[in-house]
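The values are calculated or read from the model by the stated rules, or taken from the named source; none is laboratory data. Quick caveat, the model's predicted, so the values are computed rather than measured. Ideal geometry is used to build each Cβ from the backbone, glycine not excepted, and the neighbour counts take in all protein chains shown. Only protein heavy atoms, including side chains, enter the accessible area calculation; ligands, DNA and RNA are left aside. Shrake-Rupley method; radii C 1.70, N 1.55, O 1.52, S 1.80 Å.
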Amino acid sequence: MAAAGSAVGLGNIWKFPYVAGENGGGIFLIIYLVCVLLFGMPLVTTELVIGKRSRKSAYGAFRALRNNDRWQWLSWLCVVTAVLIMGFYFVVTGWCINYLAEAVMNAFKGFDAAQLTAHFQTVTTNTWRVILVSVIPVILTEVVLWFDVNKGIERLSKILMPLLLVMMVIMVVRVLLLDGSKVGLEFFFKTDFSQLSPKVVLVAMGQCFFSLSIGMGALITYGAYMPENQDVPMTSLQVVVLDTIVAVMAGMMIFPAVFAFGFNPAEGPELVFVVLPAIFEQMSFAWLSGVLFFTLLCIAALTSTISLMEVVVAFLVDATSHRPHPLDRRKSVLVTSAMAIALLLVCVLVPNTFDIFAEVTSCYLMPIGALAMSILVGWFLGNSFTTWYGKFFVFTIRWLVPIAIVLIFLNSLRLL
Ligand code: PHE
């Protein structure tokens with residue numbers, strides 16, 4: 001449940017629709033699904049295996065498995081990636097909190113498409129407000145990690161995640177009943193191969209890594225806490241399937257509405273924030289729907305930020321444990337929060353950093369991390385897998401996954 005909580009988040013509901021919208025809709029969906037099949041299962045399994053076998057954080061895991069320091073750079077890659085993701089992820093979580101507060105106050109009642117777009121600009125260009133609302137999720141995450149209430153969150157998400165799904169089903173149905181929604185469905189499901197480009201493939205691969213939280217140690221960290229008798233392949237399958245369902249449903253909810261209300265599918269990061277309030281307007285319990293949905297979205301975001309911060313916290317505890325001044329868990333939580341706040345300030349205050357962090361992490365750093373992890377497990381631990389599934393898994397991460405990632409990189413550099 002915790003791994004599913006890490007995977008399902010803003011990546012599915014905020015990022016997936018906007019990158020799909022910018023990259024041709026249907027063609028993006030197909031490539032995304034191929035990436036999930038090719039990379040999703042094997043890499044979620046790879047990371048959980050690294051964590052479960054080493055029982056260490058991203059800092060100690062590679063060293064523990066290989067008995068040498070040659071893979072230590074990979075630990076650093078994981079934390080750097082986690083820290084950069086924190087930067088923009090907290091900002092977007094802040095936008096969600098802002099929209100939740102506004103939904104409670106009924107602030108966008110009666111707004112049309114142009115007003116909603118203008119409203120998003122007003123919200124996000126108000127620097128102090130954005131900083132304020134982005135620091136709130138840092139503090140909430142900090143509290144969870146400080147009091148070690150992960151268990152509580154896990155139980156909570158067992159109830160709330162299904163509720164989010166139910167809510168999304170209702171919204172998909174409502175949206176499909178709108179006049180003009182068919183165009184949106186076509187945009188999302190019709191594959192137009194003329195739109196295929198190296199960039200679409202690179203972005204779809206990156207989205208797959210980001211959405212499943214792979215390639216930066218989040219699942220290693222969770223694997224390290226996994227009970228001995230828990231089945232890794234089964235857990236991986238559940239995480240991958242659930243995450244993909246939520247992403248596809250987000251597309252089915254957003255795109256028909258985009259076309260029915262006259263928005264632009266390639267709007268960019270603001271897409272869901274301008275479209276969602278317009279959907280609630282059309283629903284029977286408009287106020288309640290808005291408040292409930294944004295609440296669930298904030299919680300989905302928090303279960304992801306918890307896993308994100310936990311990577312850095314566990315790293316700091318392990319990395320300093322042999323030093324003269326070791327950081328205990330609580331001190332590490334404080335240091336990590338300070339880093340998160342510093343990075344979110346960079347994202348808010350320095351132009352373009354938001355987009356650069358979002359692109360560099362998912363399109364480059366996470367695939368490189370995953371490439372290295374698949375080589376580590378496939379080539380160095382491969383012989384320890386004896387079942388038929390294990391052998392198939394080893395074949396995939398020895399050959400298919402690394403070759404595919406390298407080809408996609410070369411292709412995006414137009415070297416193929
Ligand atoms: N997978 C999360 C989402 O879809 C984002 C995330 C990435 C969380 C990496 C943790 C680590 O929202």
Matching residues, region 247-283, being open to solvent by 30 Å² or more (accessible area, probe 1.4 Å), of a type in the set (A, V, I, L, M) and in a loop (DSSP other than H, G, I, E, B) = Ala266
Can you give me the number of residues within region 205-244 that are open to solvent by 10 Å² or more (accessible area, probe 1.4 Å) and more than 13 Å from the ligand (Cβ to nearest atom)?
-> 15
Kindly provide the set of residues from region 320-335 that are touching a residue at least 60 places away in the same chain (Cβ under 8 Å) and either closer than 25 Å to Ser362 by Cα or assigned to a loop (DSSP other than H, G, I, E, B) (or both), ordered by number.
-> Val333
Of all residues in region 124-151 being farther than 30 Å from Tyr225 by Cα and in contact (Cβ under 8 Å) with a residue 40 or more places away in the chain, which is least open to solvent (accessible area, probe 1.4 Å)?
-> Val130
